[in-house]
Amino acid sequence: MTDRETLILGIDTSCDDTSAAVVKTGREILSNVVSSQAGIHSRFGGIVPELASRSHIVMIWPVVTEALEIAGVTPEDLSGIAVCIGPGLVGSLLVGCCFAKALSYAKGIPLLGINHIEGHIYSAFLGEQEPPYPFLSLVVSGGHTTLIRVDAFGRYREIGSTRDDAAGEAYDKVAKLLGLGYPGGPAIDSLSGEGNPEAIRLPRPLLTKGYDFSFSGLKTAVRNVTAKLRESNTLNEETVKDICASFQRAVVDVLVKKTIAALKKEGLRELTISGGVSANRELREFFKKMCQTSGITLYLPPGELCTDNAAMIAASGHLHLIKGNLAGLDLNARAYLPICSNKDESNIPGL
Ligand code: KG4
Ligand code: ZN
């Protein structure tokens, strides 16, 4: 049933990337175009929502056209249009949502509204091997750090999530205070390789307490260390590398340890990791080692599918289409759209 052939156009404009993709039967990527706005936002050290929405308006049509052309399909060939409706920046989401509704109405193509976090979970299905249910999913991005138990498509239970900053947000804030630009993750990742991760002692918040995360104290600790080094005139290229390496080690340490604990608690042996931070070199290496020694099977999407992309929205859209979970033209964008409304139930519309 889930293998019924479909051709889904995915659209994601949830944050600062305009993306469109065509995916066949939820697994085969025919195209995945991502137009980054990093150049627009980098001088502000973070995303400026108004500029993001305006740029989506300019880019949405060319990006969708390119995705269809690369895939060699026309709108008439599509079995569905899957669009991300939240969570995210509401002005940005509205651009994709309105565009998808217009195309769906004009061409009579079924419309599917997709939760961004669900999209990240299903990016793991675009790799070589499809994870079997049940599995644990760690979604670790600029907006989310969440451990979700996935029992079946649409059956999600939150095991833990961040109480303050998401891991990617902490990366971006630390990069900003070190003057490394936006997005901060890739810059810190590459400088970490040249620094000493043991150089600076940084806290591992909530390490042994439950399954929730907290990264804002870690960010504050980095701010204090940076201020002290600046005062003593010892903030230089070498100490910045050490700060990056020590900060990254603290983040990865917490993510790995909490995830192992959650796998044990849930009695699960399959793990997927997705979201922008899962592109991180050290995170990938540490998780691979941890999974090997603990007998856990790890499903890690390739780097380009870790960060925001529309292929993951199309992959999730395939499953919604198969279930007959279609959206109407009253589909709307929502800045706040949790995948689980509390720690025990899923909150995917229609499921
Ligand atoms: O999934 P994503 O593209 O957007 C959200 O849904 O938030 O994630 C973006 C986040 C940013 O905070 C960025 O700094 C972080 O992912 N990121 C990384 C790396 N690449 C992107 N963080 C650590 N290491 C990386 N290599
Ligand atoms: Zn994302």
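How much length is gained on full extension from Glu5 to Lys323, taking 0.36 nm per residue of separation minus their Cα-Cα distance?
Details: separation 318, 0.36 × 318 = 114.48 nm, distance 1.34 nm.
This chain segment gains 113.1 nm when fully extended.
Could you work out the relative contact order of region 129-300? I mean the mean sequence separation of Cα pairs under 8 Å and 6+ apart, divided by the number of residues, in percent. Kindly include the intermediate steps, with their values, before the conclusion.
On the way: 310 pairs, mean separation 47.9, N = 172.
Computed value for region 129-300: 28 percent relative contact order.
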*When the Cα centres of region 254-289 and region 314-338 are compared, how far apart do they sit, in Å?*
27 Å
_Contact order relative to length of the chain, as percent, for alpha carbon pairs under 8 angstrom and 6 or more apart_ = 26 percent
*Probe 1.4 Å, accessible area per residue of region 1-96, Å²*: 42 Å²
*Treating cross-link reach as a plain straight distance, find the lysines whose alpha-carbon is under 26 Å from the alpha-carbon of Lys323, omitting any fewer than eight places away in the same chain.*
Lys24, Lys101, Lys107, Lys343
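At 1.4 Å probe size, put Tyr122, Tyr336, Tyr211, Tyr182 in order of accessible surface, largest to smallest.
Values: Tyr122 0, Tyr336 170, Tyr211 60, Tyr182 35 Å².
The ranking, largest first, comes out as Tyr336, Tyr211, Tyr182, Tyr122.
What is the percent carbon and sulfur in the accessible area of the chain, measuring with a 1.4 Å probe over the protein chains and ignoring ligands? Walk me through the numbers before you get to the answer.
On the way: 7540 of 14530 Å².
Carbon and sulfur atoms account for 52 percent of the accessible area of the chain.
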*Would you please name the GluC sites (Glu not before Pro) within region 98-176 that are DSSP coil residues with at most 10 other C-beta atoms within 10 Å of their C-beta?*
Glu128
_Stretch gain in nm, segment Leu177-Ile40, where the contour uses 0.36 nm per residue and the Cα spacing is subtracted_ = 47.4 nm
*Could you give the length gained on full extension between Arg155 and Asp77, defined as 0.36 nm per residue of separation minus the Cα-Cα distance, in nm?*
25.0 nm
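I'd like to verify something in the chain: which complete DSSP H helices, judged by Cα projection on the helix axis, reach 30 Å or more and average at least 0.5 on the Kyte-Doolittle scale?
Helices meeting the span and hydropathy rule in the chain are 49-71.
Hey, can you find the accessible area per residue of region 129-300 for me, probe 1.4 Å, expressed in square angstrom? Kindly include the intermediate steps, with their values, before the conclusion.
Values: 7270 Å² over 172 residues.
For region 129-300, the solvent-accessible area averages 42 Å² per residue.
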*Is region 129-300 rounded, prolate or oblate when judged by the Cα gyration tensor, a ≥ b ≥ c being the square roots of its eigenvalues, rounded requiring a/c under 1.5 and prolate requiring a/b larger than b/c?*
prolate
*Between Thr208 and Gln292, what FRET efficiency follows from the Cβ-Cβ distance if R0 is 22 Å, with the result rounded to 0.05?*
0.40
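The values are calculated or read from the model by the stated rules, or taken from the named source; none is laboratory data. Quantities reported herein were computed from a predicted structural model and do not represent experimental measurements. In this analysis, Cβ positions are derived from the backbone assuming ideal geometry, glycine residues included, and neighbour counts consider all displayed protein chains. Keep in mind that these areas ignore ligands, DNA and RNA; they rest on the heavy atoms of the full protein, side chains included. Shrake-Rupley method; radii C 1.70, N 1.55, O 1.52, S 1.80 Å.
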